[in-house]
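Accompanying notes for the structure given below.
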Amino acid sequence: MKKITWLLPLVVTTVLVSAQKKSDRKTLTNLQQHISYLSSDKLEGRLTGAPGEKLAAEYIQSQMQQIGLLPMGTEGFLQTFSVKEGREPAATCSFELNHKALAAGTQYVPLPFTAIKAAKGEVLPQANEPDNIWLINVAELDTAKYASRREMYQRETAEAGKAGATGIIFFNGTESLPEINSWLETNETAAAIPAVWVSKEISKILADEEANSFLIQLNVALKPVKRTGTNVIGYVDNKAARTVIIGAHYDHLGYGEDNNGVTKGKMLYHGANDNASGIAALLELARQVKASKLKNTNYLFVAFSGNEQSLSGSRYLASHPPINLSQANYMLNLDMIGRLNPSHGLQIAGMGTSPSWSKLLENADKETKVVYEASGVGNSDHTSFYRKQIPVLFFFTGLDDFHLPEDSADKINYEGTLTVMKLVFELMEKTDNLEKLAFTATPEPTTAAIK
């Protein structure tokens, strides 16, 4: 999850927290089993495309098989999609500044048009000389001359090469690390010299007016990379005219390779709340639906990957759906539902995407406050279905340990997770005998609600 804006409190109500029944105790045990495994060290943070993500997909698939869901992927339960295809720094790629090795992808990033070459020299600040590496302070460039930031870097590199530079380093750029890294997803005609962009941390060193000179050694090397994610899709086919989509993402941050984490450096991000909690609830809801008397609706259960990569998994599924989306009644998104507490309660977004939601949820609450938000747009997977004009609801319980390694299974409120599940199941019961819900568009927020 990325940009954050607190949800606007349109209505404050309450939900029942109870886990006394035998069936509830069984569900709680299952929730603990799912979350403990998915957030364990063995799965290495479930980074999209990494081995831990594959282990998680295998686990979710096996659970769907045990429940008796029908496989609805392109290969059994699985639907693969491309997350990233381009280049990344090779193992031989290096940058030494004053004999200190910098980290590719975080402290420096090769630009997409870089030459695959080496360069070295003793570089004087503010003195770009022929036959040496040039340092370019981006803050001093006239950006109005260029159609885009990338064109600016490309043209400055070409001009430096013509003037005799052996390499070029750009500092004080305003781009984010993920943005610069994403530029490597495109192949461009190579310049004559190696070209790299450096982070704010390294920019401070290069901008030091007291420095006499910098000893720099570059060896830019890139390798092709193709990264694939996997959605896991199961179906309850009641031969009905409409289908409800229940979704949750199972990917997380791995060891922080995509620079989405709050903590710097290589750290294991467990992702218990974000979003093993949502997947655990999805699996248990599937189990309950399969055993229920809900027969007037079909149910599509989707575990998305690629959420942390711009919702790539849900966007792919919405564009390559296993069902006819014209038959989709609504979509429910479970994302970070494992930290229910009295202070900020349960937050539900998407209330404005159908005129039916307010009536359906008006008596769903008893003890814990619920905060409603109208917009169907946010940085989570419900947005991909809202864009297809499908009513959506997004369930979320807070940002405790958000994108931190401390998001672990021992901090999950399991009874609170069960509370959210009960509300979702009651909603599904209420809509089983209703006509298809109408869709309404909502105003676009200036920033997304979550993620």
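The values are calculated or read from the model by the stated rules, or taken from the named source; none is laboratory data. Just so you know, these numbers come straight off a predicted model, no measurement behind them. Counting neighbours? That spans all protein chains shown, and the Cβs are built from the backbone with ideal geometry, glycine included. Just the protein is used for accessible areas: all its heavy atoms, side chains included, with ligands, DNA and RNA removed. Shrake-Rupley method; radii C 1.70, N 1.55, O 1.52, S 1.80 Å.
Using a 1.4 Å probe over the heavy atoms of the protein chains, calculate the carbon and sulfur portion of the accessible area of the chain as a whole percent.
51 percent
DSSP beta bridges in the range 78-222, what fraction antiparallel, as a percent rounded to 5?
65 percent
Please report the orientation-averaged projected area of the range 138-249, defined via the convex hull of its C-alpha atoms, in nm².
For the range 138-249, the mean projected area of the Cα convex hull comes to 12.5 nm².
Enter the per residue convex hull volume of the range 297-450, computed from alpha-carbon coordinates, in Å³ rounded to the nearest integer.
Measuring per residue, one finds 120 Å³ for the Cα hull of the range 297-450.
How big is the antiparallel share of DSSP beta bridges in the chain, given as a percent to the nearest 5?
55 percent
Which residue, chosen from Ala147, Thr74, Leu177, occupies the Cα position most advanced towards the positive end of the dipole of the range 35-183, where the dipole is computed from +1 (Lys, Arg) and -1 (Asp, Glu) charges on Cβ about the Cα centre?
Thr74
Taking the range 179-330 on its own, what percent of its Cα-Cα pair distances exceed 18 Å?
71 percent
With respect to the cross-link table entries Lys117/Lys200; Lys369/Lys411; Lys22/Lys369; Lys84/Lys120; Lys239/Lys359; Lys54/Lys293, which display a Cα-Cα separation exceeding 22 Å?
Lys117/Lys200; Lys22/Lys369; Lys84/Lys120; Lys239/Lys359; Lys54/Lys293
Among Pro355, Ser375, Phe402, whose Cα projects farthest towards the positive end of the dipole of the range 351-451, with charges put on the beta-carbon of Lys, Arg (+1) and Asp, Glu (-1)?
About the Cα centre, the residue reaching furthest to the positive side is Pro355.
Just how much of Glu75 is accessible, in Å², when a 1.4 Å probe is used and the result is rounded to the nearest 10?
130 Å²
State to the nearest 20 debye the size of the charge dipole of the chain about its Cα centre, where the only charges are +1 on K and R beta carbons and -1 on D and E beta carbons.
Magnitude of the dipole: close to 1620 debye.
Round to the nearest 10 and report in Å² the accessible area of Ser62, as given by a 1.4 Å probe over the protein chains' heavy atoms.
Accessible area of Ser62: about 40 Å².
Under 8 Å for C-alpha pairs, at least 6 residues apart: give me the relative contact order for the chain, rounded to a whole percent.
Here the relative contact order equals 25 percent.
So what is the calculated 222 nm ellipticity per residue for the chain, using -39500 (n - 2.57) for each DSSP H run with n of 4 or more, over all residues, to the nearest 500 deg cm²/dmol?
About -7500 deg cm²/dmol.
Which loop-located trypsin sites (Lys or Arg not before Pro) does the range 270-346 contain, where loop means any DSSP state but H, G, I, E or B and the Cβ has at most 16 other Cβ atoms within 10 Å?
Sites meeting the loop and neighbour criteria: Lys293, Lys295.
Please give the per residue accessible area of the range 94-136, computed with a probe of 1.4 Å over protein heavy atoms only, in Å².
For the range 94-136, the solvent-accessible area averages 48 Å² per residue.
So what's the angle, to the nearest 10 degrees on a 0 to 90 scale, between helix 414-431 and the longest Cα principal axis of the chain?
60 degrees
With a probe of 1.4 Å, find how much accessible area the range 24-93 has per residue, and write the answer as a whole number in Å².
44 Å²
Can you give me the three principal axis dimensions of the range 16-89 from its C-alpha atoms, in Å, biggest first?
54, 29, 24
So, R0 is 35 Å and r is the distance between the beta-carbons of Ser326 and Glu444; what FRET efficiency does that work out to, to 0.05?
According to the calculation, E is roughly 0.90.
Which log10 I(q)/I(0) values does the range 71-207 give at q = 0.09, 0.13 Å⁻¹ under the Debye formula, counting every alpha carbon as one identical point scatterer?
The calculated log intensity ratios at q = 0.09, 0.13 Å⁻¹ are -0.30, -0.56.
Please report the accessible area of Lys430 (heavy atoms, 1.4 Å probe, ligands and nucleic acids excluded) in Å², nearest 10.
80 Å²
Which whole number in µm²/s is D for the range 386-451 by Stokes-Einstein, with the Kirkwood Rh taken over Cα pairs at 10 °C and 1.306 mPa s?
Roughly 105 µm²/s, to the nearest whole number.
Out of Gly345, Thr48, Ile246, whose Cα points farthest toward the positive end of the dipole of the chain (charges: +1 Lys, Arg; -1 Asp, Glu; placed on Cβ)?
Ile246
At 7 Å along the Cα-to-beta-carbon direction for both Ile205 and Ala291, put a label point, then send me their distance in nm to one decimal.
My value for the distance between the label points is 5.9 nm.
For the range 99-180, would you read off the P(r) tail past 23 Å as a percentage of all alpha carbon pairs?
19 percent
Let me know the volume per residue of the alpha-carbon convex hull for the range 40-79, in Å³.
It comes to 61 Å³ per residue, whole-number rounded.
Starting from the Cα coordinates of the chain, work out the convex hull volume and express it per residue in Å³.
Dividing the Cα hull volume of the chain by its residues yields 152 Å³.
Which value, to two decimals, describes the C-alpha radius of gyration of the range 262-326 once divided by 2.2 N^0.38 Å?
After normalising by residue count via 2.2 N^0.38 Å, the value is 1.46.
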